Structure formats: structure tokens, C-alpha cells
Amino acid sequence: MKIRLENVVKTFDTFRAVRDVSLDIESGELVALLGPSGSGKTTILRMVAGLEYADGGHIHFGDQDATDIPVRDRGVGFVFQHYALFPHMTIAANIAFGLKVSRVKREKTAIESRVSELLRLVHLEGLGDRFPAQISGGQRQRVALARALSVDPKVLLLDEPFGALDANVRHELRRWLRQIHAELGITTLFVTHDQEEALDLADRVVILKDGQIVQQGTPAEVCREPTSAFVMKFLGDANVLRAVVRDGRAYVGEISVAADGMVDGAVDLYARPTDLYWSEDGAGLAVTVDRVLDRPGSRRVIAKTVDATMLEFDADPELGVSAGGRGFVKFRRATLFPSES
């Protein structure tokens, strides 16, 4: 089922939460809405679900204008961050709930068969007689997904589905959700503020700021080709240095990088920790090591330039540097944007 948003607007009191958003989600695609708090991502999801109505624009499901269709008639499955399971019902009863209240009447045996099928799908066979309080948070989220899938929705919507879980469980469920999506091929839209989660899961990432889309593309496109300083900073750590462009080169101290197409003048140079590397041969940006952070399999170095600008870069665990050490930083790559100051 293809979803199309055309110039969708949503205002709460005097605050415009969504500003003329247009977006196509192809049938079978898994799309992430990513952005900071207040960027409009959850409001968009709720409008697609029918839990909020747009103040302007249109929402289409396939060829049907679904803008004003009630949530019950939209054919969507919704998974909330905090599960929203019925605590007094067993796992099986929670999954069966949507089937029992559906306008499509089913025989008891058909409902039981569908519940068993979904329990197998979410790897919870044998747990149907337990109650939500008797299973883990990760298992409860699987039950919530099974319940959303029980009525064969056209569209699956997930609102921060793993936000309440610890890091190890989140990683496990990401892989599992991607496998489920590949198996079912259902059009899926999910909201997250976790960059890693969006990049790990989505076919396409839509980045929002202040109720507007600022960039969209594959994970590789938004990571490797950010179109603004906001996207560059939002998608992970980024060092920022003041630079000056002259004749197609951007200069920081004694070093320079290509600045094709940029006009002469002040710019901001962005480099991720993986874009920088340590050197002792004198050809680079002179720095003094401030701290060394050791992590499993890697080492993060925090260093200070002569003008007190702090830089972070990743180094091999075997690199012999320590606080107070002096050396040079070189650039593997850099991204330039007009100066914000």
C-alpha cells in the first residue's frame, strides 16, 4: 500500500507542528521519520493513523483519499512505545483482541489459528497463557507488534517502538523487526529520535526540523551527503572548525581542503571523528592531547588546537598517545557549509 502526504499541515493552538509536508512512501517500503523532539514526526505518524486530523493538505492510501477517514477504517496497525497491552488479558487474548472487535467476523477456531501463527512469527510460541507482567519488556513489544499485525493491516506504524528498552534488547529487536518486514513486505512507517536505529532499520530516512522535511534519502545518502549543517550535526558527532575559502580551497591554519563551488570568505568545516587521524610528521593541524577514552576495540582521542578548539577523533587501540602528548591531526575528508556565526 503506497502512502502519499500532500502539503499536510497541523496546528495546535497557535503552534504549527507540521508545515506543508509532502512525502511519498512506496508500497512495501520501510521509512523512518527522524528528528529531535518537537520536529513533528509523531504528529505526522498520528495523522497517517487517523489519531489526529490534518488542518490542511491530503493523505492518500493508494488511490484513496484517507484524510478524513476514521482510524478504525484506515486499515493501519499501530505499535506504541509503551506497549499498551491489556494487563488483565493473557498474551494470546491481547493478540486476539483486534480480531474479536473487528467488523470482519471470524470463527473462534480461525482466531485461535491466527493467534498461534502470530506467536510463531514473533518467536513467542508457548507463552500465550502468560500475562504481560510475566514476560520481559522485549517480549511485550513483540506481543504489541503481533497484535498490530493480527488484522492484516495495509500499513504498519510504530511510534518510538524500542525507546523503553535497554540497549542490548533494542539491538536484538532491530534485527528481528527488519527480518519480519522482509518476510511480510508491509508498508512501514516508524518514528524515532535515535539516529542509529533509523540508519540500521530504514530503507529511507526522512529527517525533520521544526515541522518540515530538511532531507530524505537512503541511510548512505543522508550520512555521506548531508545537505545542511543541521543534518551533519544531528547525524552523529561532528567537529566544527572555522575556515576561510580562497580560490577554491578552504584553509584552517596551515592546511587546506578542496572547496569546489564555494565563494571566498568564512565557512564552517565539519569533520566526523572517523574523518580525522593522528600524525607525528608535522604535516597537519598541531594539537595537544587532552584526554584519551578507551573503549572495546577502539580509542577516542580528545585534543586541543593552538586556538583552544577541541577535536575528537578515533584511533587504533594500539596508538601510543596520552594526555599532554603533542602531534598533528590530518583530514581524510571534510564537509563545508556557510558559516553560522
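A short reminder: the numbers here are calculations on the coordinates, not readings from a lab. The model shown is predicted, which means the values in this text are computed figures rather than measured ones. No Cβ is skipped: glycine too gets one built from the backbone with ideal geometry, and neighbour counts run over all protein chains shown.
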A student asked for the Cα radius of gyration and Dmax of the range 237-338 in angstrom ought to give 13.8, 43
Contour minus Cα-Cα span, Ile135 to Ser279, at 0.36 nm per residue, comes to 46.6 nm
Taking Lys and Arg as +1 and Asp and Glu as -1, residues besides Phe162 with C-beta under 10 Å from its C-beta add up to -3
The exposure ranking of Met262, Met47, fewest beta-carbon neighbours within 10 Å first, is Met262, Met47
Computed for the range 237-338: size of charge dipole around the Cα centre, +1 on C-beta of each Lys and Arg, -1 on C-beta of each Asp and Glu, debye to nearest 20, value 120
Reviewing (1) 15.9; (2) 21.6; (3) 25.4, the figure for mean projected area of the Cα convex hull in nm² actually calculated from this model sits under (2)
In Å, the C-alpha Rg and Dmax of the range 1-70 are 11.6, 36
Between Glu340 and His171, Cβ-based FRET efficiency (R0 45 Å, step 0.05) works out to 0.85
Computed about the Cα centre, the charge dipole of the range 40-173 from +1 Lys/Arg and -1 Asp/Glu charges at the Cβ has a magnitude in debye, to the nearest 20, of 400
For Lys100, the aspartates and glutamates lying under 15 Å Cα to Cα, once residues fewer than eight places off in the same chain are dropped, come out as Glu112, Asp152
Expected unfolding gain across Ala110-Thr14 under the 0.36 nm per residue rule, minus the alpha-carbon gap, is 29.7 nm
Answer in debye to the nearest 20: the dipole magnitude of the chain about its Cα centre, from +1 Lys/Arg and -1 Asp/Glu charges placed on Cβ, is 1000
When the charge dipole of the chain is computed with +1 at the Cβ of Lys and Arg and -1 at the Cβ of Asp and Glu, the Cα pointing farthest to the positive end, of Thr218, Pro36, Val115, is that of Val115
Val71 and Gln212 label points (each 7 Å along its Cα→Cβ direction) are spaced in nm at 3.0
Which of Lys10/Lys41; Lys2/Lys105; Lys41/Lys154 exceed 22 Å between C-alpha atoms? The answer is Lys2/Lys105
The FRET efficiency for Glu183 and His58, from their Cβ-Cβ distance with R0 = 41 Å and rounded to 0.05, is 0.85
With -39,500 (n - 2.57) per DSSP H segment of 4 or more residues and division by the full residue count of the chain, the 222 nm estimate, nearest 500 deg cm²/dmol, is -7500 deg cm²/dmol
In this structure, the FRET efficiency calculated for Val244 and Ser298 from their beta-carbon separation, with R0 = 35 Å, to the nearest 0.05, is 0.60
Fewest to most Cβ atoms within 10 Å: Lys108, Lys209 sort as Lys108, Lys209
